[in-house]
Structure formats: C-alpha cells, structure tokens
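Engineer: Please find one structure pasted underneath; my questions will follow.
The values are calculated or read from the model by the stated rules, or taken from the named source; none is laboratory data. Quick caveat, the model's predicted, so the values are computed rather than measured. Cβ coordinates were reconstructed from backbone atoms using ideal geometry, including for glycine residues, and neighbour counts include every protein chain displayed. SASA here: full protein model, heavy atoms, side chains in, ligands and nucleic acids out. Shrake-Rupley method; radii C 1.70, N 1.55, O 1.52, S 1.80 Å.
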Amino acid sequence: MATADKSASPRAVPMPKDAIAMLRADHRKVSALFDDFEAARSTAKKKMLVAQICEELTVHTALEEEVFYPAVKAALRDKELVPEATVEHASVKDLIAQVKDVEPDGEMYDAKVKVMSEFVKHHVKEEQNEMFPKAQKTRLDMVALRDEMLARKQALLAQAST
Ligand SMILES: [Fe+2]
C-alpha cells in the first residue's frame, strides 16, 4: 500500500519539499500546540506550551514577512492578500506580547491564547485556501524560497537561544 511520505518518523524533521510545504508544516505544528494548550490543565504545562507557541509564531511570521510575502506580493502584483495577512500578523504579535513570559493566571490568560489560536486559524485558512494556490500558479521558485527561509529560520533560532 502506498503511504507516500507519511511514513517519515514524526521525530525526524524531514526537509520540506518547497516553501509552501515548509509553511504548511509550521501551520500544522502550531495548530497541534494550540490543541495541546486546550487540553492542558496545569499552569506549568500551559506556560511551556505558550512559550513554544510564541517562539513558533514569532519565527513563522518573520519568515513570511521577510521572505515569502515580498516574493508573493511581487509575483502576484498583490494589493490585498499580503497586506491583510500582515495586519493579521500584527494582531497575533500583539497577543504574543501579552502572554509571553506571563504566568498563566486564569481566564484572561486563557482567553488571550484562545483568541490567538482563532486568529491563527483564520490566517492559516486564508493562506492555504487563497494565497498559496495563487502563489503556486506563478513562476516563483519555491525551492529557492524554502532555502532562503530555512537559512533565516536558523539565524532567528540561533539568535533566540543566545
Ligand atoms: Fe502562515
């Protein structure tokens, strides 16, 4: 039975085939973290998950804004999708600033994470249903963009851990 590349070990980080596969993988990862947060009961667990969510989203939004969006905007001569996504990112970043390094202290904290997850869900839907399919029809070199994003990601993660 052909199971394609789903057989890859979940612990290994397989090289995404192109920029869109890379961004989709980020989306899946962060959605799973939000699900874990919903199920989490202890403050320690919530805090750990939020730290991961904030790091993932900070890197993801930077990669999109610095590398992917400018390329897509130019290729599509877009005046709508990229500006909207950028505004959505600003809302997410605002919420990140409100929960990052804050003790999970009850319903307002949980509400902020919940609203953040809803913004992210909306953002993922718009990208995956609209922006990515349009970008895929252009002549953009998605492999080169992946490489550019991978390099930027490494730099950002190295910066974050110092
Ligand atoms: Fe995204």
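Engineer: Compute the angle between helix 43-63 and the longest alpha-carbon principal axis of the chain, please, reported from 0 to 90 degrees and rounded to the nearest 10.
Structural biologist: Orientation of helix 43-63: about 20 degrees from the principal axis.
Engineer: Determine the share of the chain's accessible area contributed by carbon and sulfur atoms, expressed in whole percent, with a 1.4 angstrom probe.
Structural biologist: Numbers: 5480 of 9960 Å².
Summing carbon and sulfur atoms, their accessible area is 55 percent of the total for the chain.
Engineer: How tilted is helix 142-160 with respect to the longest principal axis of the chain? Cα atoms for both, answer in degrees (0 to 90, nearest 10).
Structural biologist: 30 degrees
Engineer: Now, a different point. Using just the Cα positions, wrap the chain in a convex hull and report its mean projected area in square nanometres, one decimal place.
Structural biologist: Numbers: hull surface 43.3 nm².
The orientation-averaged projected area of the Cα hull of the chain comes to 10.8 nm².
Engineer: Once you've got the GNM for the chain with C-alpha springs shorter than 10 Å, pick whichever of S91, S117, S42 has the biggest mean-square fluctuation.
Structural biologist: S42
Engineer: With the other protein chains left in place, how much accessible area per residue, in square angstrom, belongs to the stretch 17-160 at a 1.4 angstrom probe?
Structural biologist: 55 Å²
Engineer: Give me the number: length gained by fully extending A97 to A39, i.e. 0.36 nm times residue separation minus the C-alpha to C-alpha distance, one decimal in nm. Walk me through the numbers on the way to the answer.
Structural biologist: Values: separation 58, 0.36 × 58 = 20.88 nm, distance 2.26 nm.
Length difference between fully extended and current span is 18.6 nm.
Engineer: Do any GluC sites (Glu not before Pro) in the stretch 59-120 lie in a loop, going by DSSP, with at most 16 other beta-carbon atoms within 10 Å of their beta carbon, and if so which? It would help to have the intermediate numbers written out before the result.
Structural biologist: Numbers: sites: E64, E65, E66, E80, E84, E88, E107, E118; in loops: E80.
Counting only loop positions with at most 16 other Cβ atoms within 10 Å, the GluC sites (Glu not before Pro) in the stretch 59-120 are E80.
Engineer: What trypsin sites (Lys or Arg not before Pro) does the stretch 9-89 have in DSSP loop regions with at most 14 other beta carbons within 10 Å?
Structural biologist: Numbers: sites: R11, K17, R24, R28, K29, R41, K45, K46, K47, K73, R77, K79; in loops: R11, K17, R41, R77, K79.
Filter output for the stretch 9-89: R11, K17, R41, R77, K79.
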